[in-house]
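What follows is a set of notes on a single structure, which appears directly below.
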Amino acid sequence: MDRHPPKPPPRGLILLGIGLLGLLAAFLLGLRPAGLVPNAGGLRLARDFFSAATEPAFSWESAHLAAHTTPFLADLAHAALRTLIFAAAAMSLSVLAGLPLGILASETWWRRSSFKNSRMTAAARGLQAAVRIGIALMRSVHELIWAVILLAAVGLNTFGAVLAIAVPYSGTLAKVFSEMLDEAPRHSAKALEGIGVRPLSVFLFGLVPRALPDLVAYTAYRFECAVRSAAVLGFFGYPTLGYHLTLSFGDGRFRETWTTIYLLLGLILFLEWWSTAIRRRLVS
Amino acid sequence: MNSPPVPPLQDEGHPDEPSRRLLWISGLGAFGLVAFAWMSGEINIGGFFGADRARNLERFLTEDAIPFPLRESGFTWSGLWTWVGGQWNAAGAEATMTTLWIAVASMALAGAGALLVAPWVARTISTQEPFLQSGPIGIGWIWASRIARLICILARALPEYILAFLWVAVLPGSAWPAVLALAMHNGGILGRLFGETLENLERRPLQALRTLGGSRGQITALAAVPVALPRFLLYFFYRFETCVREATVLGMLGIVSLGYQIQDARSRHAYDDMLLLVGFGVMLVLLADLTSHGVRIWLRREAPR
């Protein structure tokens, strides 16, 4: 049709556009380089905070706290464990919800299933579109906003924290799962279809196994993100690492803040190493 | 090794046996952790579905969440519309636009930072004999590359929200904390992705330029980066989506974006306003999704693999 290759998008222009939009945004937000220089109070706080970085606390910094509560490290370890617990519970719900939603949102499912005549296909299209819209809505509300909504609707409850993470994560998993199912290699499915295997079995045994390594690797990566989210939920009163972080920082117990930061950092770096190792073994 | 008559279906006895051990351990560990999580007693499911929570939920859905002007007069489309318009003009429009501009500013900054870091991350460039496959790497270059990678990892490790929380304390009263936090996190992610893209570029053309006497900087800026640019932009717009979502939330730390207004409405117990503001956020995120999806399709049309 077109003998000339299509004109490539003007990438230089896109780059220029991004730069100009960035400058416009900075102008509209009133961002000035001078705003990057902290005032006296900010400077003092920054100095105090960063000088505490080299000596993280191993016990409560205030005698008042030490007299009444569990040892600092035990308390912090408990918070870290809760962070992992919330993340793991949320991820398990997300996989349970995200997998069926992802299958329903994929093209392959509807193509491989028995919806062959055109009238049913229209219904299938409608259902698929409905699922996709639902997924987009779940995803487009941030987990912290879900947390705020759930706090308003039912009050502070740990299962609410799990749900707050699980709802948007289910949406994200569903979206990515559906894309992975659609992009999985087709050879096995075609071979099975060729020898007359039922469509459902073709999907389950020909297609899903080919996409499985990608699905698992992505789930491992999302677990790492869920740990971050669970930690941040602490800012809203849930007993995770973020709770320690905001309380100790607010009270100026910076050495405790640093211990919390180092622990969270260690947790996340370990999980990152782990999810990368899994990905490398699963996805060539 | 002779090729076996029948290729084995599973790679039993494959040289990388220990790698499968990690998968087994991870699988068992994951199941163990999930089982432990639900049985630890830390997650109070019973409480969530208890009677008083159910009452809270009922009141929330049947009273609090109903737009205020419609609670007494009953539902009318015009009433709903006036309310939505009023909220949009009062705080919604400004907060929504602030959210968008925060995302744009921080992504521009993140992109610029990533462009600067990426050549240092790429081990084909950050070496004594750039773009050539042979020759010593040079201890200085090894460390340059390692440090660049470490910077990327550390920049993205902490959640944006925590970074912004710390920045707010040092630089209160402007949008800088949100922009810096988002730029750091996304810059770290993009820096590594950009670096890996540069590293995986087709090497021979760059080698040719090198043997013709091009300098490291010349080849990087004028050949490697332009060739990698389509891929860079794909990654950039992929992160832009996430960044808009994240920008709504950072307002809860006191930067006047949507999150701030949402938090404000919650503290006034104006849950109807709160949900509407969440709706504005959904609209913005969906628009950003569509935009970046469209741009990515457009880029991919021509982007060479």
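What is the gain in length, in nm to one decimal, between residue B:66 and residue B:208 on full extension, counting 0.36 nm per residue of separation less the C-alpha to C-alpha distance?
On the way: separation 142, 0.36 × 142 = 51.12 nm, distance 6.81 nm.
Contour length minus Cα-Cα distance gives 44.3 nm.
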Give a residue-ordered list of calculated ³J(HN,Hα) values for the range A:236-241 (Karplus: 6.51 cos²θ - 1.76 cosθ + 1.60, θ = phi - 60°; whole Hz; x for Gly, Pro).
9, x, 7, x, 9, 4
So if I take the centroid of the Cα atoms in the range A:6-52 and the same for the range B:234-305, what is the distance between those two points in Å?
19
Among A:244, A:283, A:221, flag the residue with its Cα farthest along the positive direction of the charge dipole of chain A, charges on Cβ as +1 for Lys/Arg and -1 for Asp/Glu.
A:283
Under 1.5 on a/c is rounded, so check that first for the range A:11-51, then, if it is not, pick prolate when a/b is larger than b/c and oblate when it is not; a ≥ b ≥ c are the square roots of the alpha carbon gyration tensor eigenvalues.
prolate
With residue B:72 itself left out, Lys, Arg at +1 and Asp, Glu at -1 over residues whose Cβ is under 14 Å from its Cβ give -1
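To the nearest 20 debye, what charge dipole does the range A:63-282 have about its Cα centre, counting +1 at the Cβ of each Lys and Arg and -1 at the Cβ of each Asp and Glu? Before the final figure, lay out the partial values.
Values: 20 positive and 12 negative charges, 189 e Å.
The calculated dipole for the range A:63-282 is roughly 900 debye.
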Chain A, Gaussian network, Cα under 10 Å: of A:127, A:99, A:215, the residue fluctuating most is A:127
Measuring from label point to label point, each 7 Å out along Cα→Cβ, what is the residue B:270 to residue A:66 span in nm?
4.8
Report the full-extension gain for the segment residue B:196 to residue B:36: residue separation times 0.36 nm, less the Cα-Cα distance, to one decimal in nm.
53.8 nm
Specify the residue with the greatest mean-square fluctuation among A:122, A:79, A:184, computed from a Gaussian network of chain A linking alpha-carbon atoms under 10 Å apart.
A:122
Along the range B:32-38, what does the Karplus equation 6.51 cos²θ - 1.76 cosθ + 1.60 (θ = phi - 60°) give for ³J(HN,Hα), rounded to whole Hz, x for Gly and Pro?
x, 5, 5, 4, 4, 4, 6
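Is the range B:50-92 rounded, prolate or oblate when judged by the Cα gyration tensor, a ≥ b ≥ c being the square roots of its eigenvalues, rounded requiring a/c under 1.5 and prolate requiring a/b larger than b/c?
Values: a/c = 4.58, a/b = 2.01, b/c = 2.28.
Oblate, since a/c reaches 1.5 and b/c is not below a/b.
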Of B:177, B:155, B:205, whose Cα points farthest to the positive end of the dipole of the range B:140-214 (charges on the beta-carbon: +1 Lys, Arg; -1 Asp, Glu; origin at the Cα centre)?
B:205
Considering only A:74, A:188, A:27, whose Cα is most displaced toward the positive end of the charge dipole of chain A, charges sitting on Cβ of Lys, Arg (+1) and Asp, Glu (-1)?
A:188
Euclidean distance of C-alpha centroids, the range B:121-200 and the range A:141-208, integer Å
31
Top of A:250, A:171, A:98 by mean-square fluctuation, Gaussian network on chain A, Cα under 10 Å
A:250
Taking the Cα-to-Cβ direction at residue A:280 and at residue A:51 and moving 7 Å from each Cα, how far apart do the two end points lie in nm?
4.2
With a/c under 1.5 counting as rounded, go ahead and sort the range B:41-129 into rounded, prolate or oblate using the C-alpha gyration tensor (a ≥ b ≥ c being the square roots of the eigenvalues; past the cut-off, prolate if a/b is larger than b/c, else oblate).
oblate
Within the range B:80-302: Cβ-based charge dipole about Cα centre, in debye rounded to nearest 20 (Lys, Arg +1; Asp, Glu -1)
840
Separation between the residue B:133 and residue B:57 pseudo-spin-labels, each 7 Å from Cα along Cα→Cβ, expressed in nm?
6.2
Cα-centred dipole magnitude for the protein assembly as shown, charges only on beta-carbon of K, R (+1) and D, E (-1), debye, nearest 20:
1760
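Where a number appears in this text, it was derived from the coordinates with a stated rule and is not lab data. Everything numeric in this text was worked out from a predicted model, so none of it was measured. Every residue, glycine among them, receives a Cβ derived from its backbone with ideal geometry; neighbour counts consider all protein chains shown.
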